[in-house]
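Undergrad: Can you read through this structure? Questions will come right after.
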Amino acid sequence: MMRHYTTAPFAPWRVARGPEVGADTWVRPYNYFIMRYAISILWLALLGSAIALSVLAAGRETLPGDVEIASWAQDQPFPGQRFSEFVRAVTTTQVCLVVGAGAVVALALLRRWPEAAALAIALIGLSIMQPVLKELVDRPRPVEPLVELRAGYTSESFPAGHVMSPTVVYGVLLWYAVRPTVPSIVRVGVAVWSAFVLAFAAPPNVWLGVHWPSDVLGGWAWALVIVVPLAYGIEALTRRLRGAHPSLRSRAGSGSLSLSSHR
């Protein structure tokens with residue numbers, strides 16, 4: 001008797017088909033549950049760290065190391081005034097929301113409904129959480145003579161919006177770019193730009209003197225609180241859909257592997 005298995009790369013299950021089964025049966029190996037609980041623990045650790053950092057920032061104008069790290073960073077030639085201003089211009093919350101909304105529309109046009117919905121949820125979460133956190137923590141911005149102010153600002157200091165916003169938007173886009181979500185030529189461009197923004201979003205904020213290093217840490221922490229569960233959820237959902245509908249696997253270009261065993 002022949003049994004056919006269809007698996008997707010890194011899929012946490014496989015579908016068994018054959019007369020003795022009668023219908024598709026999900027067989028989830030033990031490591032799937034280990035990964036699920038590991039992601040849950042990671043998310044809880046991130047949430048706890050973000051909350052703890054917010055509580056500390058709410059009670060203090062600076063945290064240990066803030067002044068020393070900021071002074072050292074401002075003494076460095078990089079990133080410099082022009083580059084810092086450019087990065088700050090493309091990482092404002094308004095710009096990131098517009099970029100994210102455009103990506104949602106593009107994904108919807110490509111009929112990537114789960115990915116479009118997940119990014120839309122991320123944008124909604126970002127637009128709600130960031131101003132609420134800033135108001136709750138109500139941390140003042142760095143002031144002279146502790147730092148040299150080289151740019152202006154319009155809101156409270158914690159978390160750093162120019163870090164939290166791009167980390168959410170471009171973190172999700174980078175995750176999509178390394179998956180078979182969109183055509184390859186688009187994926188390369190999205191991946192390169194997203195990686196660039198994620199790598200350089202933080203330093204200009206400290207170099208310009210508009211954020212403390214702990215504000216940057218808060219931006220990263222709260223952004224990951226949004227991104228991690230969405231990335232895990234979209235991956236689990238799309239794999240389940242591909243398993244239930246084999247035609248979706250070929251559309252996604254996931255390179256599904258067909259195995260057969262003889263009994």
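Undergrad: Which parts of the range 119-138 would a label at Q94 reach, counting a residue when its backbone N lies under 16 Å from a point 7 Å out along Cα-to-Cβ?
TA: Answer for the range 119-138: 127, 131.
Undergrad: If you plug each phi of the range 142-155 into the Karplus form 6.51 cos²θ - 1.76 cosθ + 1.60 with θ = phi - 60°, what whole-Hz ³J(HN,Hα) values come out, in order, with x for Gly and Pro?
TA: x, 10, 6, x, 5, 9, 9, 6, 10, 7, x, 8, 10, 9
Undergrad: Among F200, F78, F86, rank each residue by its count of other Cβ atoms within 10 Å, from fewest to most, as a rough exposure measure. Intermediate results must be reported in sequence, preceding the final value.
TA: Details: F200 18, F78 11, F86 14.
Least to most surrounded, the residues fall as F78, F86, F200.
Undergrad: Using the basic label-point model (7 angstrom from Cα toward the beta carbon), what is the V178 to W113 distance in nanometres?
TA: For the pair V178/W113, the computed spacing is 2.8 nm.
Undergrad: Rg and Dmax of the range 177-225, using alpha carbons, in Å: what are they?
TA: 14.2, 40
Undergrad: Let me ask something else about it. Determine which residues of the range 84-99 fall in the zone a paramagnetic label at T154 would reach in this model, i.e. backbone nitrogen under 11 Å from the point 7 Å along Cα→Cβ.
TA: The answer is 92-95.
Undergrad: Measure off 7 Å from each Cα along the Cα-to-Cβ vector at F86 and V55, then give the distance between these two points in nanometres to one decimal.
TA: 4.2
Undergrad: For Cα pairs less than 8 Å apart in space and 6+ apart in sequence, what is the mean separation divided by the residue count of the range 89-245, i.e. the relative contact order in percent?
TA: About 30 percent, as a whole number.
Undergrad: Ranking D75, D215 by Cβ neighbours within 10 Å, fewest first, what do you get?
TA: Working: D75 9, D215 29.
Fewest-to-most ranking of D75, D215: D75, D215.
Undergrad: Using a simple spin-label model with points 7 Å from Cα along the Cα→Cβ vector, what separation in nm is obtained for R240 and F196?
TA: 3.8
Undergrad: Mind sorting Y170, Y37 by how few other Cβ atoms lie within 10 Å of their own Cβ, fewest first? Let's see the in-between values first.
TA: Values: Y170 28, Y37 10.
In increasing order of surrounding Cβ atoms, one gets Y37, Y170.
Every number in this text was worked out from the coordinates using simple rules, so none of it is lab data. Everything quoted here is computed from the prediction, not taken from an experiment. Glycine gets a Cβ as well: all are built from the backbone with ideal geometry, and neighbour counts include every protein chain shown.
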